[in-house]
Amino acid sequence: MTGLTIDDLTVRLAGVTILDGVSLRVGPGQVHAVIGPNGAGKTTFVNAVTGLVRSAGARMSLDGSSYRPRTPHHAARLGISRTFQHPVVFRTLSARQHVLTGAAANRAGRDNPACDALVDALLDDIGPGIAAEFGLMRVRLTDLVRALAGTPRVLLMDEPASGLDEADRQRMLERITQVREAGIGVLLIEHDIGLVLAVADHVTVLDDGRAVFSGSPEDVTGDRAVSRAYLGR
Ligand SMILES: Nc1ncnc2c1ncn2[C@@H]1O[C@H](COP(=O)(O)OP(=O)(O)O)[C@@H](O)[C@H]1O
Ligand SMILES: [Mg+2]
């Protein structure tokens, strides 16, 4: 099966079960949104899939080959890149220099001209200067262009629109659409349901470490488990 498939992902940290048997698939060129309240385990999911935290007993595969991420660098070399909820950029480097650091992940020589074109467009958008001078939007775009520079097959985006004003949220949504149009599978974490309905092909709702909903964006708003997750018990 093409794309990223995660089966039965469980994460326990310090004796606490943070994620409990979560399964999902991100197909090529698809946006799979993962939404849920704060503390639901969304970031931990991305951390586990990219080898930043250890998981128990999950089956993970990319384009039909099973993998076990040892480190985020290892995951990125396989073609699984991510952006960060709280991006940390190299303060003294330009966006173009961030691209050089990200490109090192593509030792396998994956080829994707649409992804290369998007990297160039993002560099134009970010413009010159070093990251220490960037506001939040340019920092988020720098994190994104760094991740895309590795020519990923799948990109996991952890709340790329958080903290942005409405105009920048829309610009970020357009960029996410372009990532999917480049054939890259996108796992999009967001806690604003409204934002994801516009772009998602599939939605998983996490609540307290469990997937309480998996289905189409059309069905998510009427779902009772979803309202419970958002409105409290
Ligand atoms: N390293 C850790 N050790 C123990 N608990 C953690 C650790 N990291 C996260 N958690 C807990 O796991 C839960 C899920 O966190 P997180 O994945 O950041 O949620 P989300 O991204 O959905 O807001 C929270 O209760 C958080 O406090
Ligand atoms: Mg988070």
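The values are calculated or read from the model by the stated rules, or taken from the named source; none is laboratory data. What you are looking at is a predicted structure, and each value in this text was computed from that prediction instead of being measured. Reconstructed Cβ throughout: ideal geometry from the backbone, glycine too, with neighbour counts over all protein chains shown. We work out accessible area using only protein heavy atoms, side chains counted, and drop any ligands, DNA or RNA first. Shrake-Rupley method; radii C 1.70, N 1.55, O 1.52, S 1.80 Å.
For the pair ALA198 and LEU100, label points projected 7 Å from Cα toward Cβ lie 3.6 nm apart. Once backbone amide H atoms are built at 1.01 Å from N, VAL199 has no partners under 5 Å, excluding neighbours fewer than 5 places away on the same chain. Counting only DSSP H runs of at least 4 residues, each contributing -39500 (n - 2.57), and dividing by the residue count of the chain, the helix-based mean residue ellipticity at 222 nm comes to -10500 deg cm²/dmol. For the peptides 175-185, 124-134, residues were scored by their other Cβ atoms within 10 Å and the scores averaged per peptide; the highest-first order is 175-185, 124-134. Just want to confirm a number: the relative contact order over the stretch 46-200, from Cα pairs under 8 angstrom separated by 6+ residues, in percent. RCO, the stretch 46-200: 26 percent. A prolate overall shape is assigned to the chain, the ratio a/c of its alpha-carbon gyration tensor axes (a ≥ b ≥ c) being 1.5 or greater and a/b exceeding b/c. Using θ = phi - 60° in the Karplus curve 6.51 cos²θ - 1.76 cosθ + 1.60, the 3J(HN,Hα) couplings for the stretch 114-120 round to 5, 5, 4, 5, 5, 4, 4 Hz; x is entered for Gly and Pro.
Phi angles of the stretch 209-216 translate, via the Karplus equation with coefficients 6.51, -1.76, 1.60 and θ = phi - 60°, into HN-Hα couplings of x, 10, 7, 9, 8, 9, x, 7 Hz per residue; Gly and Pro are given as x. Over the stretch 4-231, accessible surface divided per residue gives 44 Å², non-protein components excluded, 1.4 Å probe. Phi angles across the stretch 161-166 convert, under the Karplus curve 6.51 cos²θ - 1.76 cosθ + 1.60 with θ = phi - 60°, into 3J(HN,Hα) values of 9, 6, x, 8, 6, 4 Hz, Gly and Pro given as x. A protection proxy built from the mean count of other Cβ atoms within 10 Å ranks the segments 201-212, 88-99, most packed first, as 201-212, 88-99.
First measure r as the distance between the Cβ atoms of ARG68 and GLU133, then evaluate 1/(1 + (r/R0)^6) with R0 = 41 Å and state the FRET efficiency to the nearest 0.05. Step by step, r from the Cβ atoms, then E = 0.55. Overall, the accessible surface of the chain at a probe of 1.4 angstrom is composed of carbon and sulfur to the extent of 50 percent.
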